[in-house]
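The values are calculated or read from the model by the stated rules, or taken from the named source; none is laboratory data. Owing to the predicted nature of the structure, the values given are computational and were not obtained by experimental measurement. All Cβ positions, even for glycine, are placed from backbone atoms using ideal geometry, and neighbour counts span all protein chains on display.
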């Protein structure tokens, strides 16, 4: 049985989606053939790549990524897709859909069905999980997978290959003879039974990722699945509701199995860096953390990065992972307004807890980054400046900034629709990049104001307050404002950040560089 996965990526996000890689591992183990059609390195319109958008807004300093081949080729993406269909001749074409790629993915499936109506299609991921009736209604979608898909996709491929019926496979909704068969979810998987992701299906350039001003052969890693919290801007709270009674949502893979995966991946892909993308790295589980740190240091010995929630960080635990090789932490600051965090985002912690985590990063001389959002319901310009001020107090190495988007599955989406901030029928609003603009129409602040603050956020964050009147002037229209930004403010920003822009992680002891 031949399965072709589709990754419709317009923004050149060089971070391979692990869901497809996990399913590829399980399918290959079951004896099936798997290939991938990936649009990452094909130009798909005029949208700038993710890293270019981050660099343009001064969030990062990147080397020339074109030297590493991180550039989109000029080609008709649908003709390239057709070439892949002709050469591989798949039995099934499947994709994982998130809000930014859902409509783009449907274009490919419509193209496929028009030219190859007998090839079966399946869509999984958050979008079909949260709006299954809407997704299955598309003529180009034969099946959808709700929730975790490793077991379901193998059962589907096995059944089709054996000529058996597949209308009763758990997690799947299946169209057949004008009917839709809607199956229940299966229990959540024991992560110890989940194979290591097979990222070899992706272009090798997905392993080339910038961090701290340099490019490394870097793999994204997940040790856990799920989350302990119920943030209103995240889909995890609704995943928890969907899986109620079907097992513990937050799960941690056996440490020894994880370490073996990492050792194998390091050797197979010649890795230089590991980027853990767990929603919550298990810093809060001492017995597991101790075993991880010991085995990682002994057997893996690569620099790594982790995501942290401020309330779960202790100095003792952080010191252990730093000793094991952690050189970068990413911390969810999100908003500097305690009221916005509590009442809008559902995140409850004090500003002092955020500052404490970054102070620990400074103490142990590791790189740190804050996660921040603007354009939130009820958030004012004053609230955004509270976010800037909290970043100034915490002083992370970098501040990652995005616009809030009410993606399917998050609780805030319903509020945004109810209040008229967001039109769910405007397809382009789902496709908009969360690093590019807001897709909300908020009564208390205009999109133009949000864009100006987005573009000036890093200047307010890093430059002395004596520069703030000039920053405000630079936000206006006109040649003088452009001159202020390009000839005065950006050079001043570069000077102020000169000792923290570039980090060398080629050795576990990270060092800043003045390059």
Give the residues of the stretch 78-130 that are under 20 Å from residue 167 (Cβ atoms) and assigned to a loop (DSSP other than H, G, I, E, B), sorted by residue number.
91, 117, 118, 119
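Out of the stretch 167-182, which residues are without any contact (Cβ under 8 Å) to a residue 24 or more places away in the chain and touching a helix residue (DSSP H, G or I) at 6+ places or on another chain (Cβ under 9 Å)?
Going through the stretch 167-182, the residues without any contact (Cβ under 8 Å) to a residue 24 or more places away in the chain turn out to be 167-170, 176-179, 181.
If the condition is that a residue be without any contact (Cβ under 8 Å) to a residue 24 or more places away in the chain and touching a helix residue (DSSP H, G or I) at 6+ places or on another chain (Cβ under 9 Å), then 169, 170 are the ones that fit.
Does residue 51 qualify as being surrounded by fewer than 17 Cβ atoms within 10 Å (Cβ to Cβ), part of a helix (DSSP H, G or I) and either under 24 Å from the mean Cα position of the chain (by Cα) or on the phi < 0 side of the Ramachandran plot (or both)? Show your work before the answer.
Working: surrounded by fewer than 17 Cβ atoms within 10 Å (Cβ to Cβ): no; part of a helix (DSSP H, G or I): yes; either under 24 Å from the mean Cα position of the chain (by Cα) or on the phi < 0 side of the Ramachandran plot (or both): yes.
So residue 51 does not fit the description; no.
Would you confirm whether any residue within the stretch 383-400 is closer than 18 Å to residue 441 by Cα, touching a helix residue (DSSP H, G or I) at 6+ places or on another chain (Cβ under 8 Å) and at pLDDT 95 or above? Spell out the reasoning first.
Step one: list which residues in the stretch 383-400 are closer than 18 Å to residue 441 by Cα, which gives 383-384.
Now narrow it down to the ones that are touching a helix residue (DSSP H, G or I) at 6+ places or on another chain (Cβ under 8 Å): 383-384.
From the residues that got through so far, the ones that are at pLDDT 95 or above too are 383-384.
Looking for residues that are closer than 18 Å to residue 441 by Cα, touching a helix residue (DSSP H, G or I) at 6+ places or on another chain (Cβ under 8 Å) and at pLDDT 95 or above, one finds at least one in the stretch 383-400, hence yes.
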Cβ-Cβ distance below 9 Å, separation of 6 or more or different chains: which pairs start in the stretch 144-155 with a residue that is at positive phi and end on one that is assigned to a loop (DSSP other than H, G, I, E, B)?
147/171; 147/185; 147/186; 147/188; 147/243; 147/246
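From 323, 301, 290, which residue is out of contact with any strand residue (DSSP E or B) (no Cβ under 9 Å at 6 or more places or on another chain) and on the phi > 0 side of the Ramachandran plot?
Values: 323 fails: on the phi > 0 side of the Ramachandran plot; 290 fails: on the phi > 0 side of the Ramachandran plot.
Being out of contact with any strand residue (DSSP E or B) (no Cβ under 9 Å at 6 or more places or on another chain) and on the phi > 0 side of the Ramachandran plot holds for just one of 323, 301, 290, which is 301.
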In this structure, is residue 55 out of contact with any strand residue (DSSP E or B) (no Cβ under 7 Å at 6 or more places or on another chain) and either free of Cβ contacts under 8 Å to residues at least 24 places away in the same chain or outside the structural domain of residue 144 (by TED's automatic domain parsing) (or both)?
yes
If the requirement is being part of a helix (DSSP H, G or I) and assigned by TED's automatic domain parsing to the domain that holds residue 45, which of these qualifies: 168, 133, 139?
133
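Within the stretch 284-371, considering only helices (runs of 4 or more DSSP H) that don't extend past its boundaries, which have at least 3 residues that are free of Cβ contacts under 8 Å to residues at least 60 places away in the same chain and closer than 20 Å to residue 233 by Cβ?
Numbers: elements: 286-295, 315-324, 351-363.
Passing ranges, in order: 351-363.
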Across the stretch 198-247, the tally of residues that are over 30 Å from residue 411 (Cα atoms) and either in a strand (DSSP E or B) or touching a helix residue (DSSP H, G or I) at 6+ places or on another chain (Cβ under 9 Å) (or both) stands at 19
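Being more than 23 Å from the chain's Cα centre (by Cα) and crowded, with 20+ Cβ neighbours inside 10 Å is true for just one of 90, 8, 17. Which residue is that? Break it down into steps so the answer makes sense when it comes.
On the way: 8 fails: more than 23 Å from the chain's Cα centre (by Cα); 17 fails: more than 23 Å from the chain's Cα centre (by Cα).
When all the criteria are applied, what remains is 90.
Let's see how each residue does on (1) within 27 Å of the chain's Cα centre (by Cα); (2) modelled with pLDDT of 95 or more:
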residue	(1), (2)
162	no, yes
167	no, yes
175	no, yes
181	no, yes
185	yes, yes
196	yes, yes
205	yes, no
211	yes, no
224	yes, yes
